[in-house]
1. Of all residues in the stretch 10-50, which are open to solvent by less than 50 Å² (accessible area, probe 1.4 Å) and at pLDDT below 70?
2. Across the stretch 192-226, what is the number of residues that are under 25 Å from ARG55 (Cβ atoms), in contact (Cβ under 8 Å) with a residue 12 or more places away in the chain and of a type outside the set (S, T, N, Q)?
3. Please work out which one of (1) open to solvent by 60 Å² or more (accessible area, probe 1.4 Å); (2) in contact with a Pro (Cβ under 7 Å, 6 or more places away or on another chain); (3) within 30 Å of SER233 (Cα to Cα); (4) in a loop (DSSP other than H, G, I, E, B) is the condition ASP105 fails and give its number.
4. If we scan the stretch 170-191, do we find a residue that is in a loop (DSSP other than H, G, I, E, B) and touching a residue at least 60 places away in the same chain (Cβ under 8 Å)?
5. Report the residue count in the stretch 55-73 for those that are in a strand (DSSP E or B) and more than 26 Å from GLY97 (Cβ to Cβ).
6. Please find, among LEU138, LEU174, the residue that is surrounded by 15 or more Cβ atoms within 10 Å (Cβ to Cβ), at pLDDT 95 or above and either touching a Gly at 6+ places or on another chain (Cβ under 7 Å) or more than 23 Å from ILE39 (Cβ to Cβ) (or both).
7. Specify the residue that is farthest from the chain's Cα centre (by Cα); the eligible residues are those in the stretch 200-215 that are surrounded by fewer than 19 Cβ atoms within 10 Å (Cβ to Cβ) and farther than 19 Å from LYS120 by Cα.
8. Restricting to the stretch 177-197, count the residues that are open to solvent by 30 Å² or more (accessible area, probe 1.4 Å) and among the polar types (S, T, N, Q).
Amino acid sequence: MNKIFSIATVLALSCSSFALNAESVNYYVIAKQASPFQIENGDNKHSGIVTDIVRAIFKDSQYDINFHTYPFNRMISLLEAGGKPNWITYGSPGWGGVQAENLSDSPIYNVKHVLVSSHKNSFEFNSMQDMNDRVVVLLHGFDYPQLTPYFKGGNVEELRVKDYSAAFRVIRKLPGDTAFVEMESRIKYNLSQQNQDLSQYDIQPFGSVIPDYPIYLAFDPNMNREMQNYANSKLKELKSTGAIDSIIKSYF
């Protein structure tokens, strides 16, 4: 009986030791503002392009994923303070800060920006001169250095809103005087999710002001090297098999 107890104790301790030594990926999610890249539906139900890619990378691996969801500014503050060990989110070289310090070897998506305005009092956009005496609507927390000189110059006004619903309301209520600048993918996704009538809006390219650029997975600068190598290797494999393209297409 003592021998059986001893064996059971050893097995239990071994399992406990394995659990303690198992490494976790701490995945940071932006609350409410990052769809379709990160979508949080409550009750810890997560989806989105970046989220699905992270899940695919670590599926059937030795690494567990812990989700951490915060408003954008709060998330950045936490990551700048160090964050949880071995954290992952997404970023781009041009964003600066923690979202640019340690990026994946290859990009996961190419970003294009657009100018969204009301079709009721439409105008043609060719350059920022066309925005003189108009208001550019932006989401809280998302800054664009390319727009700063125009705001400081006083010819273009800046208006911050908390979410996409608010942005769409502003440009509908002030047709011809306002336009919303945002990523094309986010615009199309959120218009669809909110069952908006696309004929009410004009969507024009904004690449002459904010050039297209790639986004990457952003890693903890102090991430475990073995874990980061694994993530980069798996990402390369998922891209080569078309799995990344399939994930992206599922949201549009």
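The values are calculated or read from the model by the stated rules, or taken from the named source; none is laboratory data. Just so we're clear, the structure is a prediction, and the values are computed from it rather than from any experiment. In this analysis, Cβ positions are derived from the backbone assuming ideal geometry, glycine residues included, and neighbour counts consider all displayed protein chains. Just so you know, the surface numbers come from the protein's heavy atoms only, side chains and all, with ligands and any DNA or RNA stripped out. Shrake-Rupley method; radii C 1.70, N 1.55, O 1.52, S 1.80 Å.
1. Across the stretch 10-50, the qualifying residues are ALA22, GLY42.
2. Of the residues in the stretch 192-226, 10 are under 25 Å from ARG55 (Cβ atoms), in contact (Cβ under 8 Å) with a residue 12 or more places away in the chain and of a type outside the set (S, T, N, Q).
3. Answer for ASP105: the failing condition is (2).
4. No - not one qualifying residue is present in the stretch 170-191.
5. Final tally of qualifying residues: 1.
6. On inspection, the qualifying residue turns out to be LEU174.
7. This residue is SER208.
8. 5
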